[in-house]
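I have placed the structure first, in the form of C-alpha coordinates, so that the comments after it can refer back to it.
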Amino acid sequence: MASAGSGFLGARLLPPSVPDPSPRSLGSLLLLSLLVLGVWAWWELSRPVELIRGPEEVGYIPERGRDKAYTANQVRRRRKKGDLPPVYPNGWYHLLDSHLLEPTSVHNLTVCGEQVAVYRTACGKVYVVDAYCPHLGANLAVGGRVVGDCIECPFHGWQFRGKDGKCTKIPYAEKVPEFAKIKTWASCEINGMVFAWYHCDHIEPTWTIPEQEEITSKKWVYRGRTEHYVNAHIEEIPENAADIAHLDFLHEPSILSGIDLRYTKSKMWEFLRHTWKVQWEAEPAPNKHCSRMTLKHASLVFGKHFSLLDVDVVARQVGPGIVFLSFQHSFLGQGIILHCVTPVEPLMQKVSHSIYYQKNYPTIVPRFILLAECTQFERDVMVWNNKKYISKPLLVKEDSAIAKHRRWYSQFYSDNSPRLTFQEDGLDW
Ligand code: FES
Ligand SMILES: [Fe+2]
(Lines give C-alpha, C1' and ligand atoms only; values in the text may rest on other atoms or scores of the structure.)
(Ligands and ions follow the chains in the order given, each with its own letter.)
Protein backbone atom coordinates (compact mmCIF):
# COMPACT_ATOMS: atom_id res chain seq x y z
CA MET A 1 0.00 0.00 0.00
CA ALA A 2 2.74 2.38 1.10
CA SER A 3 4.84 1.83 -2.04
CA ALA A 4 1.77 2.24 -4.27
CA GLY A 5 0.97 5.56 -2.50
CA SER A 6 4.48 6.99 -2.82
CA GLY A 7 4.56 5.91 -6.49
CA PHE A 8 1.44 7.88 -7.12
CA LEU A 9 2.82 11.00 -5.34
CA GLY A 10 6.10 10.63 -7.18
CA ALA A 11 4.27 10.65 -10.49
CA ARG A 12 2.44 13.85 -9.54
CA LEU A 13 5.69 15.63 -8.62
CA LEU A 14 7.21 15.24 -12.06
CA PRO A 15 7.33 18.60 -13.82
CA PRO A 16 4.58 18.85 -16.43
CA SER A 17 5.79 19.35 -19.93
CA VAL A 18 4.68 22.88 -20.91
CA PRO A 19 5.35 23.98 -24.46
CA ASP A 20 7.44 27.17 -24.74
CA PRO A 21 5.18 30.19 -25.43
CA SER A 22 5.58 31.16 -29.04
CA PRO A 23 6.27 34.82 -29.91
CA ARG A 24 2.88 34.76 -31.65
CA SER A 25 0.89 33.87 -28.50
CA LEU A 26 2.91 36.43 -26.49
CA GLY A 27 2.00 39.05 -29.07
CA SER A 28 -1.72 38.20 -28.84
CA LEU A 29 -1.55 38.39 -25.03
CA LEU A 30 0.08 41.81 -25.21
CA LEU A 31 -2.49 43.00 -27.73
CA LEU A 32 -5.35 41.77 -25.55
CA SER A 33 -3.90 43.51 -22.46
CA LEU A 34 -3.52 46.74 -24.41
CA LEU A 35 -7.11 46.46 -25.60
CA VAL A 36 -8.42 45.91 -22.06
CA LEU A 37 -6.28 48.80 -20.80
CA GLY A 38 -7.54 51.00 -23.63
CA VAL A 39 -11.20 50.20 -22.94
CA TRP A 40 -10.67 50.82 -19.21
CA ALA A 41 -8.88 54.12 -19.87
CA TRP A 42 -11.61 55.25 -22.27
CA TRP A 43 -14.35 54.33 -19.78
CA GLU A 44 -12.49 56.01 -16.93
CA LEU A 45 -11.76 59.20 -18.89
CA SER A 46 -15.23 59.52 -20.37
CA ARG A 47 -17.17 59.57 -17.10
CA PRO A 48 -17.54 62.65 -14.89
CA VAL A 49 -14.67 63.09 -12.47
CA GLU A 50 -15.42 63.15 -8.75
CA LEU A 51 -12.77 64.27 -6.30
CA ILE A 52 -13.86 64.48 -2.67
CA ARG A 53 -11.28 65.63 -0.12
CA GLY A 54 -11.76 65.32 3.63
CA PRO A 55 -11.29 68.29 6.03
CA GLU A 56 -7.73 67.34 6.96
CA GLU A 57 -6.55 66.03 3.62
CA VAL A 58 -5.26 69.15 1.88
CA GLY A 59 -3.18 72.11 2.98
CA TYR A 60 -1.34 70.83 6.05
CA ILE A 61 2.26 69.85 6.59
CA PRO A 62 2.02 66.79 8.85
CA GLU A 63 4.06 67.04 12.04
CA ARG A 64 6.84 64.50 12.31
CA GLY A 65 5.44 61.06 13.13
CA ARG A 66 1.86 62.32 13.17
CA ASP A 67 -0.93 61.97 10.67
CA LYS A 68 -2.71 64.79 8.84
CA ALA A 69 -5.79 64.68 11.11
CA TYR A 70 -3.63 65.32 14.19
CA THR A 71 -1.84 68.21 12.47
CA ALA A 72 -5.10 69.73 11.25
CA ASN A 73 -6.46 69.68 14.79
CA GLN A 74 -3.32 71.25 16.20
CA VAL A 75 -3.34 73.99 13.57
CA ARG A 76 -6.96 74.80 14.38
CA ARG A 77 -6.31 74.91 18.12
CA ARG A 78 -3.28 77.15 18.11
CA ARG A 79 -4.02 79.49 15.23
CA LYS A 80 -4.37 83.19 15.93
CA LYS A 81 -7.84 84.10 14.74
CA GLY A 82 -7.26 87.82 14.18
CA ASP A 83 -9.93 90.49 14.28
CA LEU A 84 -12.49 88.56 12.25
CA PRO A 85 -15.49 89.94 10.39
CA PRO A 86 -18.83 88.28 11.24
CA VAL A 87 -18.70 84.61 10.36
CA TYR A 88 -21.92 84.02 8.41
CA PRO A 89 -22.60 86.58 5.67
CA ASN A 90 -26.19 86.93 4.41
CA GLY A 91 -26.86 85.23 1.08
CA TRP A 92 -27.52 82.09 -0.91
CA TYR A 93 -25.41 79.03 -0.16
CA HIS A 94 -24.93 75.82 -2.08
CA LEU A 95 -26.24 72.74 -0.31
CA LEU A 96 -25.63 69.99 -2.85
CA ASP A 97 -25.71 69.20 -6.55
CA SER A 98 -29.21 68.26 -7.80
CA HIS A 99 -28.22 64.84 -9.12
CA LEU A 100 -27.25 63.77 -5.60
CA LEU A 101 -30.77 64.37 -4.30
CA GLU A 102 -32.98 61.52 -5.55
CA PRO A 103 -36.79 61.73 -5.37
CA THR A 104 -38.04 60.86 -1.84
CA SER A 105 -34.51 61.05 -0.42
CA VAL A 106 -33.41 63.25 2.46
CA HIS A 107 -29.94 64.59 3.31
CA ASN A 108 -28.58 66.05 6.52
CA LEU A 109 -26.35 69.05 5.79
CA THR A 110 -24.73 71.87 7.73
CA VAL A 111 -25.02 75.48 6.64
CA CYS A 112 -23.97 78.52 8.68
CA GLY A 113 -23.63 76.34 11.77
CA GLU A 114 -27.19 75.01 11.46
CA GLN A 115 -28.32 71.46 10.75
CA VAL A 116 -30.82 71.22 7.91
CA ALA A 117 -32.80 68.41 6.33
CA VAL A 118 -32.96 68.73 2.54
CA TYR A 119 -35.46 66.50 0.80
CA ARG A 120 -37.00 65.93 -2.60
CA THR A 121 -40.61 64.85 -3.00
CA ALA A 122 -41.69 62.13 -5.41
CA CYS A 123 -42.84 64.95 -7.75
CA GLY A 124 -39.35 66.45 -7.72
CA LYS A 125 -39.87 69.53 -5.50
CA VAL A 126 -37.04 70.32 -3.07
CA TYR A 127 -37.58 71.59 0.48
CA VAL A 128 -35.16 72.63 3.20
CA VAL A 129 -36.21 72.57 6.86
CA ASP A 130 -34.41 72.62 10.21
CA ALA A 131 -33.14 69.12 10.87
CA TYR A 132 -34.24 68.91 14.51
CA CYS A 133 -37.84 68.01 15.17
CA PRO A 134 -39.50 70.55 17.51
CA HIS A 135 -41.24 67.72 19.38
CA LEU A 136 -38.31 66.00 21.10
CA GLY A 137 -35.40 66.90 18.87
CA ALA A 138 -34.89 63.85 16.64
CA ASN A 139 -32.99 64.51 13.43
CA LEU A 140 -35.51 64.38 10.58
CA ALA A 141 -32.79 63.65 8.04
CA VAL A 142 -31.57 60.56 9.87
CA GLY A 143 -34.24 57.95 9.29
CA GLY A 144 -36.97 60.46 8.38
CA ARG A 145 -39.28 59.62 5.46
CA VAL A 146 -40.65 61.79 2.67
CA VAL A 147 -44.43 61.51 2.60
CA GLY A 148 -46.10 63.59 -0.12
CA ASP A 149 -44.92 67.17 0.47
CA CYS A 150 -43.97 66.43 4.07
CA ILE A 151 -41.08 65.02 5.99
CA GLU A 152 -41.98 62.49 8.66
CA CYS A 153 -39.97 62.33 11.87
CA PRO A 154 -38.44 58.90 12.59
CA PHE A 155 -39.15 59.15 16.34
CA HIS A 156 -42.95 59.54 16.79
CA GLY A 157 -44.09 60.06 13.20
CA TRP A 158 -45.01 63.75 13.25
CA GLN A 159 -45.20 65.10 9.69
CA PHE A 160 -44.12 68.61 8.66
CA ARG A 161 -44.99 70.35 5.40
CA GLY A 162 -41.95 71.59 3.46
CA LYS A 163 -43.67 74.69 2.08
CA ASP A 164 -44.44 76.40 5.42
CA GLY A 165 -43.17 73.99 8.08
CA LYS A 166 -46.66 73.36 9.47
CA CYS A 167 -47.16 70.06 11.28
CA THR A 168 -49.91 68.24 9.38
CA LYS A 169 -50.11 64.99 11.35
CA ILE A 170 -49.41 63.65 14.83
CA PRO A 171 -50.28 59.97 14.54
CA TYR A 172 -51.41 59.54 18.16
CA ALA A 173 -52.98 62.97 18.85
CA GLU A 174 -56.58 64.02 18.39
CA LYS A 175 -55.64 67.45 17.15
CA VAL A 176 -52.52 69.07 15.70
CA PRO A 177 -51.88 72.31 17.59
CA GLU A 178 -51.59 75.48 15.50
CA PHE A 179 -48.15 76.28 16.95
CA ALA A 180 -46.66 72.90 15.91
CA LYS A 181 -44.24 74.05 13.21
CA ILE A 182 -40.70 73.60 12.04
CA LYS A 183 -38.47 76.35 10.64
CA THR A 184 -38.26 76.29 6.84
CA TRP A 185 -35.45 77.77 4.75
CA ALA A 186 -35.99 79.62 1.49
CA SER A 187 -34.43 77.41 -1.16
CA CYS A 188 -34.08 77.22 -4.93
CA GLU A 189 -32.86 74.74 -7.49
CA ILE A 190 -31.01 76.22 -10.41
CA ASN A 191 -28.04 75.33 -12.66
CA GLY A 192 -28.15 71.73 -11.42
CA MET A 193 -27.76 72.75 -7.77
CA VAL A 194 -29.79 73.26 -4.63
CA PHE A 195 -29.25 76.45 -2.63
CA ALA A 196 -30.57 77.76 0.69
CA TRP A 197 -30.92 81.40 1.77
CA TYR A 198 -29.39 82.51 5.05
CA HIS A 199 -30.13 85.88 6.67
CA CYS A 200 -29.33 86.61 10.31
CA ASP A 201 -32.46 88.82 10.59
CA HIS A 202 -34.66 86.29 8.77
CA ILE A 203 -35.18 88.69 5.85
CA GLU A 204 -36.49 87.02 2.68
CA PRO A 205 -34.10 86.76 -0.32
CA THR A 206 -33.16 90.15 -1.72
CA TRP A 207 -31.62 88.84 -4.94
CA THR A 208 -31.77 85.70 -7.06
CA ILE A 209 -29.15 83.41 -8.52
CA PRO A 210 -28.88 83.91 -12.30
CA GLU A 211 -29.72 80.99 -14.52
CA GLN A 212 -26.95 79.72 -16.78
CA GLU A 213 -28.98 79.11 -19.92
CA GLU A 214 -26.45 76.65 -21.42
CA ILE A 215 -26.89 74.37 -18.39
CA THR A 216 -30.70 74.47 -18.44
CA SER A 217 -30.83 73.84 -22.19
CA LYS A 218 -28.25 71.06 -21.78
CA LYS A 219 -25.93 72.66 -24.32
CA TRP A 220 -23.32 72.32 -21.58
CA VAL A 221 -23.43 69.07 -19.62
CA TYR A 222 -22.19 67.98 -16.20
CA ARG A 223 -18.63 66.65 -16.31
CA GLY A 224 -17.67 66.31 -12.67
CA ARG A 225 -17.14 67.93 -9.33
CA THR A 226 -14.69 68.37 -6.48
CA GLU A 227 -15.28 69.00 -2.80
CA HIS A 228 -12.86 70.48 -0.27
CA TYR A 229 -12.87 71.92 3.22
CA VAL A 230 -11.03 75.12 3.99
CA ASN A 231 -10.06 76.02 7.53
CA ALA A 232 -10.46 79.81 7.30
CA HIS A 233 -12.96 82.65 7.45
CA ILE A 234 -15.27 82.61 4.41
CA GLU A 235 -14.14 86.04 3.19
CA GLU A 236 -10.57 84.85 2.66
CA ILE A 237 -11.72 82.68 -0.26
CA PRO A 238 -13.49 85.26 -2.50
CA GLU A 239 -10.85 87.87 -1.57
CA ASN A 240 -8.41 85.74 -3.55
CA ALA A 241 -9.97 87.11 -6.76
CA ALA A 242 -8.96 90.65 -5.83
CA ASP A 243 -5.52 89.60 -4.62
CA ILE A 244 -3.92 90.10 -8.00
CA ALA A 245 -0.31 89.89 -6.82
CA HIS A 246 -0.58 86.33 -5.51
CA LEU A 247 -1.44 85.00 -8.96
CA ASP A 248 1.98 85.67 -10.44
CA PHE A 249 3.65 84.23 -7.36
CA LEU A 250 1.66 81.35 -5.88
CA HIS A 251 -0.02 80.29 -9.13
CA GLU A 252 2.91 80.95 -11.44
CA PRO A 253 4.69 77.57 -11.13
CA SER A 254 3.45 74.92 -13.52
CA ILE A 255 0.56 72.78 -12.30
CA LEU A 256 2.93 69.85 -12.85
CA SER A 257 4.80 70.95 -9.73
CA GLY A 258 1.83 70.07 -7.54
CA ILE A 259 0.18 71.65 -4.53
CA ASP A 260 2.76 71.53 -1.75
CA LEU A 261 4.10 75.08 -1.58
CA ARG A 262 7.43 73.84 -0.24
CA TYR A 263 8.17 72.27 -3.62
CA THR A 264 6.19 74.13 -6.29
CA LYS A 265 9.16 76.37 -7.17
CA SER A 266 11.42 73.39 -7.81
CA LYS A 267 13.81 73.78 -10.77
CA MET A 268 12.56 70.56 -12.34
CA TRP A 269 9.27 72.13 -13.48
CA GLU A 270 10.61 75.56 -14.38
CA PHE A 271 10.28 74.90 -18.12
CA LEU A 272 6.53 75.54 -17.83
CA ARG A 273 5.09 78.61 -16.11
CA HIS A 274 1.72 80.32 -15.95
CA THR A 275 1.13 84.05 -16.29
CA TRP A 276 -2.03 85.94 -15.44
CA LYS A 277 -3.45 89.33 -16.46
CA VAL A 278 -6.21 90.21 -14.06
CA GLN A 279 -8.72 92.88 -13.27
CA TRP A 280 -11.27 92.93 -10.45
CA GLU A 281 -14.25 95.25 -10.13
CA ALA A 282 -17.56 95.47 -8.33
CA GLU A 283 -20.71 95.65 -10.46
CA PRO A 284 -23.00 98.68 -10.26
CA ALA A 285 -26.68 98.64 -9.16
CA PRO A 286 -28.91 96.67 -9.51
CA ASN A 287 -26.17 94.03 -9.27
CA LYS A 288 -24.31 95.46 -6.32
CA HIS A 289 -24.17 91.97 -4.85
CA CYS A 290 -21.99 90.90 -7.83
CA SER A 291 -18.37 91.48 -8.73
CA ARG A 292 -16.25 90.37 -11.59
CA MET A 293 -12.69 89.23 -12.15
CA THR A 294 -11.52 89.06 -15.74
CA LEU A 295 -8.44 87.01 -16.30
CA LYS A 296 -6.22 86.09 -19.20
CA HIS A 297 -4.15 83.01 -18.62
CA ALA A 298 -1.06 82.32 -20.73
CA SER A 299 1.65 79.69 -20.47
CA LEU A 300 5.38 80.03 -21.02
CA VAL A 301 7.26 76.96 -22.22
CA PHE A 302 11.04 77.44 -21.82
CA GLY A 303 10.29 81.16 -21.51
CA LYS A 304 8.38 81.34 -24.81
CA HIS A 305 4.67 82.13 -25.00
CA PHE A 306 2.75 78.96 -25.93
CA SER A 307 -0.54 80.30 -27.24
CA LEU A 308 -2.24 76.89 -27.37
CA LEU A 309 -2.68 77.11 -23.60
CA ASP A 310 -4.19 80.62 -23.55
CA VAL A 311 -7.53 80.74 -21.74
CA ASP A 312 -9.88 83.66 -21.14
CA VAL A 313 -11.70 83.46 -17.83
CA VAL A 314 -14.45 85.56 -16.28
CA ALA A 315 -15.14 84.82 -12.62
CA ARG A 316 -18.42 86.46 -11.67
CA GLN A 317 -19.03 86.41 -7.94
CA VAL A 318 -22.73 86.47 -7.08
CA GLY A 319 -23.26 87.14 -3.39
CA PRO A 320 -20.91 85.97 -0.65
CA GLY A 321 -20.52 82.31 -1.71
CA ILE A 322 -21.14 81.62 -5.40
CA VAL A 323 -18.81 82.17 -8.37
CA PHE A 324 -19.57 81.53 -12.04
CA LEU A 325 -16.17 80.77 -13.54
CA SER A 326 -16.68 80.83 -17.31
CA PHE A 327 -13.81 80.02 -19.59
CA GLN A 328 -13.20 80.05 -23.27
CA HIS A 329 -10.40 78.46 -25.23
CA SER A 330 -9.67 79.00 -28.92
CA PHE A 331 -10.23 75.35 -29.90
CA LEU A 332 -10.96 73.48 -26.66
CA GLY A 333 -14.39 75.08 -26.40
CA GLN A 334 -16.36 76.69 -23.63
CA GLY A 335 -17.69 75.76 -20.25
CA ILE A 336 -18.24 76.87 -16.71
CA ILE A 337 -17.15 75.89 -13.24
CA LEU A 338 -19.63 76.75 -10.51
CA HIS A 339 -17.51 77.43 -7.46
CA CYS A 340 -19.51 77.51 -4.25
CA VAL A 341 -18.44 78.23 -0.68
CA THR A 342 -20.73 77.27 2.18
CA PRO A 343 -19.84 78.08 5.80
CA VAL A 344 -20.10 74.96 7.94
CA GLU A 345 -18.56 76.39 11.11
CA PRO A 346 -17.18 79.87 11.78
CA LEU A 347 -13.78 78.90 10.42
CA MET A 348 -14.66 75.88 8.29
CA GLN A 349 -15.86 76.28 4.71
CA LYS A 350 -17.07 73.58 2.38
CA VAL A 351 -16.03 74.41 -1.18
CA SER A 352 -17.38 72.68 -4.26
CA HIS A 353 -16.46 73.04 -7.91
CA SER A 354 -18.87 71.56 -10.47
CA ILE A 355 -17.99 71.71 -14.14
CA TYR A 356 -20.37 71.93 -17.11
CA TYR A 357 -18.94 71.76 -20.60
CA GLN A 358 -19.97 71.77 -24.25
CA LYS A 359 -21.39 68.31 -24.81
CA ASN A 360 -19.66 67.80 -28.17
CA TYR A 361 -16.23 67.80 -26.49
CA PRO A 362 -14.71 64.62 -25.02
CA THR A 363 -14.93 64.46 -21.24
CA ILE A 364 -11.17 64.40 -20.94
CA VAL A 365 -11.07 68.15 -21.77
CA PRO A 366 -13.28 69.34 -18.87
CA ARG A 367 -11.68 66.72 -16.63
CA PHE A 368 -8.30 68.26 -17.28
CA ILE A 369 -9.61 71.82 -16.77
CA LEU A 370 -11.28 70.91 -13.47
CA LEU A 371 -8.22 69.10 -12.16
CA ALA A 372 -5.94 71.98 -13.22
CA GLU A 373 -8.21 74.46 -11.44
CA CYS A 374 -8.28 72.16 -8.44
CA THR A 375 -4.48 72.00 -8.29
CA GLN A 376 -4.26 75.78 -8.23
CA PHE A 377 -7.05 75.94 -5.65
CA GLU A 378 -5.29 73.47 -3.34
CA ARG A 379 -2.25 75.74 -3.29
CA ASP A 380 -4.46 78.49 -1.91
CA VAL A 381 -5.88 76.03 0.64
CA MET A 382 -2.40 75.53 2.08
CA VAL A 383 -2.18 79.28 2.74
CA TRP A 384 -5.76 79.68 4.00
CA ASN A 385 -5.59 76.72 6.39
CA ASN A 386 -2.60 78.15 8.21
CA LYS A 387 -3.02 81.92 8.00
CA LYS A 388 -4.39 84.52 10.37
CA TYR A 389 -7.03 87.01 9.26
CA ILE A 390 -5.64 90.55 9.32
CA SER A 391 -8.31 93.20 9.52
CA LYS A 392 -5.90 96.05 8.76
CA PRO A 393 -3.48 94.52 6.28
CA LEU A 394 -0.28 96.20 5.19
CA LEU A 395 -1.17 96.94 1.58
CA VAL A 396 0.79 98.65 -1.17
CA LYS A 397 -0.72 100.60 -4.08
CA GLU A 398 -0.74 97.50 -6.29
CA ASP A 399 -2.89 95.69 -3.69
CA SER A 400 -5.67 98.29 -3.88
CA ALA A 401 -8.25 95.82 -5.23
CA ILE A 402 -8.09 93.95 -1.90
CA ALA A 403 -9.29 97.02 0.01
CA LYS A 404 -12.03 97.55 -2.59
CA HIS A 405 -13.06 93.92 -2.25
CA ARG A 406 -13.35 94.23 1.54
CA ARG A 407 -15.62 97.27 1.17
CA TRP A 408 -17.72 95.41 -1.41
CA TYR A 409 -17.99 92.25 0.68
CA SER A 410 -19.06 94.13 3.84
CA GLN A 411 -22.55 94.54 2.30
CA PHE A 412 -23.23 90.89 3.24
CA TYR A 413 -22.93 91.57 6.98
CA SER A 414 -25.56 93.22 9.13
CA ASP A 415 -25.47 94.45 12.72
CA ASN A 416 -26.82 91.13 13.97
CA SER A 417 -24.52 88.92 11.91
CA PRO A 418 -23.03 86.35 14.27
CA ARG A 419 -19.43 86.72 15.35
CA LEU A 420 -17.01 84.09 16.55
CA THR A 421 -16.93 83.74 20.32
CA PHE A 422 -13.48 82.39 21.02
CA GLN A 423 -14.16 80.19 24.01
CA GLU A 424 -17.27 78.44 22.76
CA ASP A 425 -17.12 77.86 19.05
CA GLY A 426 -15.87 74.76 17.29
CA LEU A 427 -12.35 74.17 18.51
CA ASP A 428 -12.79 70.41 18.22
CA TRP A 429 -13.81 68.40 15.19
S1 FES B 1 -39.12 63.83 18.09
FE2 FES B 1 -40.00 64.04 16.20
S3 FES B 1 -41.93 63.25 16.36
FE4 FES B 1 -41.13 63.09 18.34
FE1 LIG C 1 -5.42 81.82 -5.61
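Numbers below:
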| read-out | value |
| --- | --- |
| Anchor Lys183: lysines whose Cα lies under 20 Å away (excluding residues fewer than 8 positions away in-chain) | Lys125, Lys163, Lys166, Lys169 |
| Assigned charges on the beta-carbon of Lys, Arg, Asp, Glu; the stretch 196-353 dipole about Cα centre (debye) | 680 debye |
| Filtered GluC sites (Glu not before Pro), the stretch 14-111: DSSP coil and at most 15 other beta carbons within 10 Å | Glu57, Glu63 |
| Karplus-derived 3J(HN,Hα), 6.51/-1.76/1.60, for each residue of the stretch 411-416, Hz, glycine and proline x | 4, 8, 10, 10, 3, 8 |
| Reduced Cα scattering model of the stretch 172-306, Debye log10 I(q)/I(0), q = 0.13, 0.15, 0.22 Å⁻¹ | -0.91, -1.10, -1.40 |
| Computed over the chain: relative contact order in percent, which uses C-alpha pairs under 8 Å that are six or more apart | 20 percent |
| Positive dipole terminus of the chain, leading residue within Pro205, Ser352, Leu37 (C-beta point charges) | Leu37 |
| Mean residue ellipticity (222 nm) of the chain, computed from DSSP H runs ≥ 4 via -39,500 (n - 2.57), nearest 500 | -6500 deg cm²/dmol |
| Within straight-line cross-link reach of Lys388, lysines at Cα separation under 16 Å, skipping those fewer than 8 residues along the same chain | Lys80, Lys81 |
| Sorted peptide list for 342-354, 269-281, criterion being average Cβ within 10 angstrom, highest first | 342-354, 269-281 |
| Formal net charge of residues neighbouring Ser354 (Cβ-Cβ distance under 12 Å; K, R +1; D, E -1) | -2 |
| Per-residue SASA entry for Lys404, accessible area with 1.4 Å probe, Å² rounded to 10 | 100 Å² |
| Under 10 Å, Cβ to Cβ, from Lys169 - net charge with Lys/Arg +1 and Asp/Glu -1 | 0 |
| Kirkwood-based Rg to Rh ratio, the stretch 274-316, C-alpha trace | 1.19 |
| Cubic angstrom per residue, convex hull over Cα atoms of the stretch 88-209 | 101 Å³ |
| Relative contact order (percent, whole number), the stretch 304-429, Cα cutoff 8 Å, 6+ residue spacing | 15 percent |
| The chain, accessible area per residue, ligands and nucleic acids excluded (1.4 Å, Å²) | 54 Å² |
| Protein accessible area in the stretch 88-209, 1.4 Å probe - carbon and sulfur % | 53 percent |
| Convex hull volume per residue in cubic angstrom - Cα atoms of the stretch 281-393 | 163 Å³ |
| Nearest-10 value in Å² for the accessible area of Phe327, using the 1.4 Å probe | 20 Å² |
| Heavy-atom SASA rank of Trp92, Trp40 (probe 1.4 Å, accessible area, largest first) | Trp40, Trp92 |
| Cα radius of gyration and Dmax for the stretch 330-429 (Å) | 18.2, 54 |
| Residue-wise HN-Hα coupling along the stretch 112-122, computed from phi with Karplus coefficients 6.51, -1.76, 1.60 (Hz; x: Gly, Pro) | 6, x, 9, 8, 10, 10, 10, 9, 10, 6, 4 |
| Lysine pairs in the stretch 207-360 with Cα atoms under 20 Å, if 8 or more residues apart or on separate chains | 7 |
| Among Gln279, Cys290, Val129 - extreme Cα towards positive end, dipole of the chain, charges at beta-carbon | Gln279 |
| The chain - Kirkwood radius from inverse mean 1/r over Cα pairs (Å) | 24.9 Å |
| Sparse-neighbourhood loop sites, GluC sites (Glu not before Pro) in the stretch 119-219 - DSSP loop, at most 14 other Cβ within 10 angstrom | Glu174, Glu178, Glu211 |
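The values are calculated or read from the model by the stated rules, or taken from the named source; none is laboratory data. What you see is a predicted model; the values in this text were computed from it and never measured. As a convention, Cβ positions derive from the backbone with ideal geometry for all residues, glycine included, and neighbour counts pool all protein chains shown. Note: areas computed on protein heavy atoms with side chains; ligands, DNA, RNA excluded. Shrake-Rupley method; radii C 1.70, N 1.55, O 1.52, S 1.80 Å.
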